[in-house]
Structure formats: C-alpha cells, structure tokens
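The values are calculated or read from the model by the stated rules, or taken from the named source; none is laboratory data. Here the structure is a predicted model, which means the values were calculated and not measured. Methodologically, a virtual Cβ is constructed for each residue, glycine included, from the backbone with ideal geometry; neighbour enumeration extends over all protein chains shown. Surface accessibility is based on the protein's heavy atoms, side chains included, excluding ligands, DNA and RNA. Shrake-Rupley method; radii C 1.70, N 1.55, O 1.52, S 1.80 Å.
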Amino acid sequence: MSSAEDLQRIEREALAAIAAATTPEEIEAARVAHTGRKSPLARMLAGIGSLPPEQRGPVGKAGNAARQAIEHALEERTSAVQADALASRLAKERVDITLPGDRRKVGALHPIMQVRREIEDIFLGMGYAIADGPEVETEYHNFSALNTPEGHPARSMSDTLYVDGEHRTALRPQTSPVQVRVMERQEPPIFAIAPGAVYRRDDVDATHSPMFHQLEGLAIDEGLGMADLIGTLEYFVARFFDRSLESRLESRIQPHFFTFTEPSIELHVRWTDKRGRSTWLELLGAGVVDPNVIEGAGHDPERWTGFAFGMGLDRIAMVRHGVPDLRLMYENDLRFLEQFA
Ligand code: PHE
C-alpha cells in the first residue's frame, strides 16, 4: 500500500470518527485518537524520515494537509455540538411569557398596629419621643412607684398576673410603669409616649382580653397642668378622628381616680356606630402626675409638674373600624385581617 493510500484511509477514518461524535467528550476522544502522539497520522508522519528522499517532500505535504483537514473537522464539529447543546437547552428551558404570573400576597400591618403607628405619628408631631419598658415588671415599678399602696385593689391577685410566688414581679397590668422608668433615666423636661402590651386576669368577654395594648403618655415640664392635658387630648382626638379643629368630635371629661394622678379624669367620646346608635365611649384615663411619683423618680415636684394619660389601643381600633368583638382582633383569621390591609 502506498503512503498516499495510507494517508487517505487515515484521514477518512478520522473524519468519520469526528462526524460520529455527538458530545464534547466524544470529540475529545476522537482528537486524541486521530491527532495525538500515538495516532496513525502521527506515526505515519514520524516515519517520513525513513522514506526515500524523493518521497519525503510529497508525503510530508500530504500528511500536513490531512492533519489540517482533521483539525478543521474537529473545530467544526465542536461548534456544531455546542450549538446543538445550546439549542436543546433553550428549548427545554423555554418560558412562556404570556402565562399569567403567580399573584404575590402583600402583607399589611395588623389593625391594632396601624392604629398604634397613627397615634405615634400624632404625638411625634407634637415633639414627644417614643419610650419603652419591660413587660415583666417589678412590683416597685408596677405599683409602689406609682403611688399604689399595699392593699390597694389594683394589686390584688384577681387583676394582676404575677410571675413569682412572692409577688415581686408581674406581667405589667398597664403601661404606666414606663412613666417611672422614663423619669428615672431622664431629666425633665420630658415628653414621651410608651406603647405596648399589657396583661390582666380580667374576665374575658367581647370587650376584654387577658392581653391588650395601651399607649402611655407623659409630659413633665415647668408649669404644666390640667389645662395643657385637656388641650393635648382635644388636639389628639381631633387629629385621630379626622375632624377639623372647628367641628370637633363631641367629647367629654369626667372626674376619675388613679393613684398616680391627682386630679384624675377620663376622656369619653360620643360614638355613633354603623346602625346609627350613639353612645359615650371611654377612650382613656389621665391626670396631673402626683407629686409623690415625680419625687419618687428623683425630681423636685416643686419645680417639675406635668400630666400623664393612658389609652387602650385595641379599644380605639375597635371604635375606628366598628368591630363588635375584641376577640376577632386576636384570632388572626385572614378573612378578618384582610379587610384592613
Ligand atoms: N394606667 C391607667 C389605666 O390602665 C390609665 C392612666 C394612665 C391613667 C396615665 C392616668 C394616667 O387605666
């Protein structure tokens, strides 16, 4: 067999193997087998030196041409296989952009939290800061510092959820201990609100829950008194219930009793429900801070005076939305909550 015929066969076999390769791995195997150091082509070219001199030139040339043809075929096949792979991947991963998307549910604040944020905004606008205090509170901050003497009904087991046998710590039954904590850590003037959860063993019915939310307010400065309290509350009611200051929501103030304010009041608003029935509704308790409380927290009650108030956020949310049963607010049934989103 002549060298020319050998070369033709070598090239034919190489091109056939390359054409049959369908993956990058098979192409690589064909490249090693047909152009590698141990390939028939390489051996053939290595043998050129032992040919008669007049054959070396033509055989060398033909051998190089065969090598070039094989390498060209490898390149072509590589791009073809890559293009095939891409095309099949595109086909497999095709996205139908005309399909409707999955509807994303958008979360919303709980109605009580919405009311809380709204009230916070009103007081922030009046220069109040937001303060915080623990929900598990000491007997001192819950009662003694608030001028609530031992034996007072507010301390009794029936109201308060104690967390230890000695009654030294309890879940706070009101946000008022935060008044004391703010006064302990800050020099007057003080303008602070403290929203948060409170706990009572109260009889649980449609308008009471063992856990509910209050928002406490405290203002301490020189010369602050009852008139400032009433003006602040009237402004708050007008702002929150969306009435202009000219046509106020009807409200009234009644005397009341709290151990830590003197005098003390309750603020009621005239509320008309969706059936047109009108009632007076207690919105909050308030009063002029008792000098004992100011002195106990480390300030001179001759110089510093002020007022405090505490409102029930859950109550206010019920009123705002005309919700008849407070318990609905805590069940977290989406059919209920979605209505306030
Ligand atoms: N803490 C009182 C309550 O829970 C409300 C209140 C707060 C009254 C501040 C006076 C001053 O009823």
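List the longest stretch of the chain that has no exposed loop site; here a site is one of the GluC sites (Glu not before Pro) assigned by DSSP to anything other than H, G, I, E or B, with at most 10 other Cβ within 10 Å. The partial results should precede the final answer.
On the way: sites that count: 93, 150, 166, 222, 246, 302.
Here the longest run is 1-92.
Kindly list the residues of segment 6-27 that lie in the label zone of residue 78, defined by a backbone N under 14 Å from the point 7 Å along the Cα-to-C-beta vector. Backbone N within reach: 23-27. Candidates 225, 261, 45 compared by Cα position along the dipole of the chain: farthest toward the positive end lies 45, with charges placed on Cβ. Restricting attention to the chain, close to 95% of DSSP beta bridges with both partner residues there are antiparallel. Taking all C-alpha pairs of segment 1-96, those more than 18 Å from each other amount to 52 percent.
Over the chain, average the accessible area per residue using a 1.4 Å probe and give it in Å², no decimals.
Details: 19470 Å² over 341 residues.
That works out to 57 Å² for each residue.
Counting only protein heavy atoms and a probe of 1.4 Å, the accessible surface of the chain is 52% carbon and sulfur. Taking all protein chains together and rolling a 1.4 Å probe, residue 226 ends up with roughly 50 Å² accessible. At the listed q of 0.14 Å⁻¹, the Debye profile of the chain, built from one uniform point per Cα, gives log10 I(q)/I(0) equal to -1.10.
Rg to Rh for segment 84-189: what is it, with Cα atoms only and Rh by Kirkwood? Write out the running numbers ahead of the final one.
Working: Rg = 27.1 Å, Rh = 19.0 Å.
Using Cα coordinates only, the ratio equals 1.43.
Placing a label point 7 Å from the Cα of residue 241 along the Cα-to-Cβ direction, the residues of segment 277-291 whose backbone N falls under 20 Å of that point are 277-287.
Which residue fluctuates most in the GNM of the chain (Cα springs below 10 Å): 290, 96, 164? Judging by the Gaussian network model, the answer is 96.
With helices as the sole contributors, the chain gives -13000 deg cm²/dmol at 222 nm; each DSSP H run of n ≥ 4 counts as -39500 (n - 2.57), and the sum is divided by every residue.
Take every Cα pair under 8 Å in segment 3-160 that's 6+ residues apart, average their separations, divide by the length, and report that relative contact order as a whole percent.
Working: 67 pairs, mean separation 31.1, N = 158.
Over segment 3-160, the number comes to 20 percent.
Evaluated with a Cβ-only charge set (Lys, Arg +1; Asp, Glu -1), the chain carries a dipole of roughly 2100 debye about its Cα centre, given to the nearest 20.
Suppose R0 equals 25 Å. What FRET efficiency, 1/(1 + (r/R0)^6) with r the Cβ-Cβ distance, do residue 23 and residue 95 give to the nearest 0.05?
Values: r = 26 Å, r/R0 = 1.05.
The computed FRET efficiency comes out at 0.45.
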